[in-house]
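Chemist: Before I ask anything, let me first share the structure, which is written out below as structure tokens.
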Amino acid sequence: MIKGDFMKREVSKYTTWQNVVYVIQGAWKYDKKVFGYFGVYTFLASIQPFILIFFPKWILEELLGAKRLEQLVALLVSFFLVAAVVGFFTTWLRSLYFPHMIKIRFEFIRKHQEKCMMTNFKNTEDADFLNDMETAFRCLGSNDIGIEGMLHKLFALVGNLIALGGYVTIIATLNIWVLLYLVVNVIISYFITFRVKKYEHDQKDIISENDRRSNYLYHVMYDFSYGKELRLLGIRDWIAERFVEYKNRRLTIHKKIKWKYFNVGLVDISLLVIREVVIYSYLIYLVMNKQISIPDFTMYFTTVAGFAGWMTMMMKDLAYMRAQNLNICDYRSFIEKEEEVEQTHKMSVPEGPYTFEFRDVSFKYPNSEKYVYKHLNLIIHSGEKLAIVGHNGAGKTTFVKLLCRLYDVTDGEILLNGINIKCFDKQEYYKKFSVVFQEIKTLAFSVAENVALQEKEHINYAKVAQVLEEAGMSKKIESLKRGVHTAIQKILDDEGIELSGGENQKIAIARALYKNGEIMILDEPTAALDALAEHEIYMNFNQMVQNKIAIYISHRLASTQFCDRIAMFEQGKLVEYGTHDELMELNEKYADMFAVQAKYYQEEGA
Ligand SMILES: Nc1ncnc2c1ncn2[C@@H]1O[C@H](COP(=O)(O)OP(=O)(O)OP(=O)(O)O)[C@@H](O)[C@H]1O
């Protein structure tokens, strides 16, 4: 079964009308010009069908009646002129307003991007949120779906509605039952089309989740940073097979949807054939009984064909808009997803020195039942250099995430100089930290921009040079032709350079030094560095941070000797805490771990 482990979630509901208003308000806000084009286009589109209805009728009347040559020439010339001018201007206007529609869509994309960048950090690790993000983007992916699709159809629809008024008036003069019959036909076609569109939309959760997984695998296959694993671990076939599995699932859903569209097409064609036979037989009957003239027959003939086609098209457009409405609901429910609102008038973070206290802190990740910490108590004194050690999964990175307020504690509180950190303005609080995380993220910009994370004109180049020196990267950068102006990676600049893992880490360390936050945190940033480089960096860091709090997470216990205190975590508990000498004297877990590592170093050195 395709559904497998994919979940289906509720989204907020807006009516089509509410979303039409939403889209129009957005268009008005982002590009008012589009409404000028809209007025002229609508007028031209609404008169276009009647050119083909009335001119042939008038020409026939002249031919069957007075047969005046000048009159016929005048009619023919006006027919072609009017048709050409209207045709030209509608096409021209379309090409004029199209870029404006794209501009409006880009504004909605910008809102989507802002939401992704500004959302609470915990959402970025939440699978449901990531799925909703992907589903919402489907509303923005091309010209003819979602928001832009709705706008295009709205343009067409208003002109069509005016034209419809004309059609209805003409057919009503023939016979009101003919009109009703045509309307019923079209409504049936509308409902069956909409049902398929709704079915298609109902598959969105499954498609989103499936696409997210297959896109991930696609990314792995093309990302050369996985190159070594793919080749050496022999997982190429395994990854490729899983990718094909997801693609096949997608194909099966696609086939089901297309099969439903095929059935709708069959019903549509049957309705059309029956309708044509019934109406044209009736018109022929009227001519035979001299109830209408030949020119009238032509006029009704064209009108009926046009009306049915026109209405079917309109109904399809309406069904299409209702289907896009579902996509727009997805978009809005994502954009309007509630964020934890920070109280206004938050406190300013006081000036240092700082002391932090974890008071009876318990924490579990959202969507997880397992507590990472229970009743954790720990004080980080001002100016202290604290090493956090422990086995994999012990909760070291989580400790940093809580301290930086990327997550809020589940129970208990974290205090800064005795005040709960939740009381402070979050953005101001973030500014106090310089953190180097395990996964280094360099941008495809210049070295200087990567270090300063500022616009070129605001960068303090002397400071960039100094921190690169402190991070042990100055020799490498100085050897480059363009120095700190050299781009990292080749994505945006052909002359960009590829850095090794250790060099990337040094850039990240330089970045933290440049920011010069009042609390420095290194979360295993030295894993890719050789022992000498690690030693140098810790020395430099200790000099740089001087009276500031510095927190070091490292599996290499050699680094703990630079620290005032060591906190050892195990299964979410602080199992040992004290100076290196105290813990060695205690001769328990830390001492064991240290002894094991020391032995390796000695063996390596031997
Ligand atoms: N976003 C998350 N959602 C749910 N659980 C998580 C999340 N991040 C981490 N965990 C879990 O929390 C626990 C602690 O993880 P954490 O990353 O803090 O460990 P760590 O000590 O830094 O490990 P390592 O030394 O391997 O980096 C682990 O059991 C991990 O599986």
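Read-outs throughout are calculated quantities, based only on the coordinates presented, and are distinct from any laboratory measurement. Model, not experiment: these values are computed from the prediction. Positions of Cβ are generated from backbone atoms using ideal geometry, with glycine treated the same way; all protein chains shown enter the neighbour counts.
Chemist: Starting from the stretch 336-403, pick out the trypsin sites (Lys or Arg not before Pro) whose DSSP state is loop and whose Cβ has at most 13 other Cβ atoms within 10 Å. Walk me through the numbers on the way to the answer.
Modeler: Details: sites: K337, K346, R359, K364, K370, K374, K385, K396, K401; in loops: K337, K346, K370.
Of the trypsin sites (Lys or Arg not before Pro), the ones in loops of the stretch 336-403 whose Cβ has at most 13 other Cβ atoms within 10 Å are K370.
Chemist: Can I ask one more? Give me M473, M315 sorted ascending by neighbouring Cβ count inside 10 Å, so fewest comes first. Kindly include the intermediate steps, with their values, before the conclusion.
Modeler: Details: M473 24, M315 20.
So the residues, fewest neighbours to most, are M315, M473.
Chemist: Mind checking which aspartates and glutamates have their C-alpha under 12 Å from K316, skipping anything on the same chain fewer than 8 residues away?
Modeler: Excluding near neighbours in sequence, the set is D268.
Chemist: For a quick check of your reading of the filter: which GluC sites (Glu not before Pro) in the stretch 266-369 sit in a DSSP loop and have no more than 16 other Cβ atoms within 10 Å? Walk me through the numbers on the way to the answer.
Modeler: Numbers: sites: E276, E336, E338, E339, E340, E342, E351, E357, E369; in loops: E336, E338, E339, E340, E342, E351, E369.
Within the stretch 266-369, the qualifying GluC sites (Glu not before Pro) (loop, at most 16 other Cβ atoms within 10 Å) are E336, E338, E339, E340, E342, E351, E369.
Chemist: I need two numbers for the stretch 1-121: Rg to one decimal and Dmax as a whole number, Cα atoms only, in Å.
Modeler: Rg then Dmax for the stretch 1-121, in Å: 24.6, 82.
Chemist: Ranked highest first by the average count of other Cβ atoms within 10 Å around their residues, in what order do 577-586, 434-443, 386-395, 504-513 fall? Intermediate values should be presented prior to the final figure.
Modeler: Numbers: 577-586: 15.1, 434-443: 16.9, 386-395: 19.5, 504-513: 24.9.
Top to bottom by mean Cβ count within 10 Å: 504-513, 386-395, 434-443, 577-586.
Chemist: Let me ask another. With helices defined as uninterrupted DSSP H runs, which ones in the chain have an alpha carbon span along their own long axis of at least 30 Å and mean Kyte-Doolittle hydropathy of at least -0.5? Each step should come with its number before you reach the end.
Modeler: On the way: long enough: 33-64 (48 Å, 1.15); 69-118 (73 Å, 0.76); 146-174 (40 Å, 1.40); 176-202 (39 Å, 0.88); 236-288 (76 Å, 0.23); 294-335 (59 Å, 0.31).
Long hydrophobic helices here: 33-64, 69-118, 146-174, 176-202, 236-288, 294-335.
Chemist: Please arrange C139, C404, C423, C329 by how many other C-beta atoms lie within 10 Å of their C-beta, fewest to most. Display every interim value, and only then the final one.
Modeler: Values: C139 26, C404 18, C423 13, C329 21.
Starting with the residue having the fewest Cβ neighbours, the order is C423, C404, C329, C139.
Chemist: Kindly provide the Kirkwood hydrodynamic radius of the stretch 16-335 in Å, to one decimal, from all pairs of distinct alpha carbon atoms.
Modeler: Evaluated over the stretch 16-335, this radius sits at 23.5 Å.
Chemist: Among W177, P49, A471, flag the residue with its Cα farthest along the positive direction of the charge dipole of the chain, charges on Cβ as +1 for Lys/Arg and -1 for Asp/Glu.
Modeler: W177
Chemist: Do the alpha carbons of any pairs in K346/K573; K426/K548; K463/K515 sit beyond 22 Å of each other, and which pairs?
Modeler: On the way: K346/K573 32 Å; K426/K548 20 Å; K463/K515 10 Å.
Where the Cα-Cα span goes over 22 Å, the pairs concerned are K346/K573.
Chemist: Roughly how big is the chain's charge dipole about its Cα centre, with Cβ charges of +1 (Lys, Arg) and -1 (Asp, Glu), in debye to the nearest 20?
Modeler: 2840
Chemist: Considering only C-alpha atoms, what is the centroid distance from the stretch 97-136 to the stretch 241-282, in Å?
Modeler: Centre-to-centre (Cα) distance: 32 Å.
Chemist: Cα atoms only, the chain: Rg and Dmax in Å?
Modeler: Looking at the chain, its Cα Rg and Dmax stand at 35.0, 121 Å.
Chemist: Continuing with this model, one more query. Looking only at the chain, where both bridge partners belong to it, what percent of the DSSP beta bridges are antiparallel (to the nearest 5)?
Modeler: On the way: 19 of 39 bridges.
So the antiparallel bridges amount to about 50 percent of the total.
Chemist: Taking only the alpha carbons of the stretch 313-447, what extent do you get along each of the three principal axes, in Å, biggest first?
Modeler: Extents along the principal axes, in whole Å: 73, 40, 36.
Chemist: Go ahead and estimate [θ] at 222 nm for the chain from helices alone: -39,500 (n - 2.57) per DSSP H run with n ≥ 4, summed, over the residue count, rounded to 500. All intermediate terms of the calculation are to be shown ahead of the outcome.
Modeler: Numbers: 19 runs with 373 residues, N = 606.
Result for the chain: -21000 deg cm²/dmol, rounded to the nearest 500.
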